[in-house]
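In what follows, a single structure is set out as structure tokens and then discussed.
The values are calculated or read from the model by the stated rules, or taken from the named source; none is laboratory data. Fair warning: this is a prediction, and the values are worked out from it, not measured in the lab. When we count neighbours, we look across all protein chains shown, and the Cβ atoms used for this are built from the backbone with ideal geometry, even at glycine. Note: areas computed on protein heavy atoms with side chains; ligands, DNA, RNA excluded. Shrake-Rupley method; radii C 1.70, N 1.55, O 1.52, S 1.80 Å.
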Amino acid sequence: MAELTPSLLALQLLTGVALGAVYALLALGLSLIFGMLTVVNFAHGAFFMVGAFLGVYFLGITGSFWFSLLLAPLVVGAIGLVAERFLVRPLYGRGIDYPLLLTFGLSYVMIEAMRVAFGIEGVPSGTPPELRGAVDLGFGFFPKYRLFLIAATAAVVLALWLFIEKTRYGLIIRAGSRDAEIVRVLGIDVSRVWWLVFGIGCAIAGLSGVLAAPTRAVNPEMGVAVLAESFVVTVVGGMGSLPGAVVAGLLVGIVFSMTSLIAPDLAELSIFVLMAVVLLLRPQGFFGKAGLMS
């Protein structure tokens, strides 16, 4: 094991923040959907995977990482809108198990679709040329792309907060998450709001897939492990809590990264141990059932 110098610990901590940024984005979409619709979206990892594939595909067509970063989440969000309208919506009011089982099956359909379209082995992905290399932070060199991951996540979190807190649709979303019946009485079509929320949640999952693609293998199974990790983050932060998703995502990333430095074989286990400890001390998670961005 390398000597644990302050510089090494600082770099590893920053690596954990970058990893946690991806976890936070994933959990944001998952928490947004659960907080508003009370739907446990088991296809969330599959939407992440599709986003990664589409990011690579659009990069090959346009030659621009920035265009792929814009186009892939839009397409994934559109797929989410179609899935909500024709698959999930008919199951509202039948209990939480029905949408859960449906999205579980949908995830396998999406995985097989990517296998047919891109092959079993997946596709190669690399860091965009403009984000290659490292930056001297004073205590060591850190990859530019990981800094970009942190900045991109912060921008998305800020944009989502502004949308929910400062727009009319955001007000309706917050009201609907607390009492959908009152919103209906006011003459608002709640189903359209739910439709939009599901699409936004899926688009965020797709965006996290595009951002994560340069740092991991892009293959049809990549969403399976990510789904488990995103549920850990969601549970630790509190089901349906967007602030909880951000805080827990960063914490899980840091725990994974620091454990990788000290005991690499226990890195995967460490995040589940963290979840177990949190559930024992605070079963509702850090932020309990806090409202959307409240």
#### Entry: Residues that are loosely packed, with under 13 Cβ neighbours inside 10 Å, of a type in the set (A, V, I, L, M) and free of Cβ contacts under 8 Å to residues at least 12 places away in the same chain, drawn from the stretch 134-170
A151, A155, L158, A159, L162
## Note on the structure
Among residues of the stretch 171-180 being assigned to a helix (DSSP H, G or I) and free of Cβ contacts under 8 Å to residues at least 40 places away in the same chain, the residue most open to solvent (accessible area, probe 1.4 Å) is L171
### Odd one out for V183, checked against (1) open to solvent by 60 Å² or more (accessible area, probe 1.4 Å); (2) free of Cβ contacts under 8 Å to residues at least 40 places away in the same chain; (3) of a type outside the set (F, W, Y); (4) touching a Gly at 6+ places or on another chain (Cβ under 8 Å)
(1)
### Message
I'd like to verify a number: residues in the stretch 186-204 that are open to solvent by less than 30 Å² (accessible area, probe 1.4 Å), in contact with a Leu (Cβ under 6 Å, 6 or more places away or on another chain) and farther than 16 Å from V157 by Cα, how many?
### Response
1
### Task
Go through the stretch 232-242 and give me each residue that's at pLDDT 90 or above and open to solvent by 10 Å² or more (accessible area, probe 1.4 Å).
V235
### Summary
Picked from the stretch 22-42 (must be out of contact with any Pro (no Cβ under 6 Å at 6 or more places or on another chain) and β-branched (V, I, T)), the residue surrounded by the most Cβ atoms within 10 Å (Cβ to Cβ) is I33
## Note on the structure
Result of the Cβ filter at 8 Å on the stretch 205-230, keeping first residues that are open to solvent by less than 10 Å² (accessible area, probe 1.4 Å) and partners that are assigned to a loop (DSSP other than H, G, I, E, B), at least 6 apart or interchain, is A213/S125; V218/G122; V218/P124; V218/S125; P220/I120; P220/G122
### Summary
Among residues of the stretch 248-266 being touching a residue at least 60 places away in the same chain (Cβ under 8 Å) and β-branched (V, I, T), the residue surrounded by the most Cβ atoms within 10 Å (Cβ to Cβ) is V252
### Task
For Y57, work out the one condition from (1) part of a loop (DSSP other than H, G, I, E, B); (2) more than 23 Å from W194 (Cα to Cα) it doesn't fulfil.
(1)
### Summary
Flagged in the stretch 1-21 as among the aliphatic types (A, V, I, L, M) and open to solvent by 10 Å² or more (accessible area, probe 1.4 Å), in numbering order, are M1, A2, L4, L8, L9, A10, L11, L13, L14, V17, L19
### Task
Determine which single condition W66 fails, assuming it passes every other condition in (1) open to solvent by less than 30 Å² (accessible area, probe 1.4 Å); (2) assigned to a helix (DSSP H, G or I).
(1)
## Note on the structure
Subset of the stretch 43-60, residues within 24 Å of I164 (Cα to Cα) and surrounded by fewer than 24 Cβ atoms within 10 Å (Cβ to Cβ), comes to none
### Task
Spot the failing condition for F287; the list is (1) touching a Pro at 6+ places or on another chain (Cβ under 6 Å); (2) free of Cβ contacts under 8 Å to residues at least 60 places away in the same chain; (3) crowded, with 24+ Cβ neighbours inside 10 Å, and only one is missed.
(3)
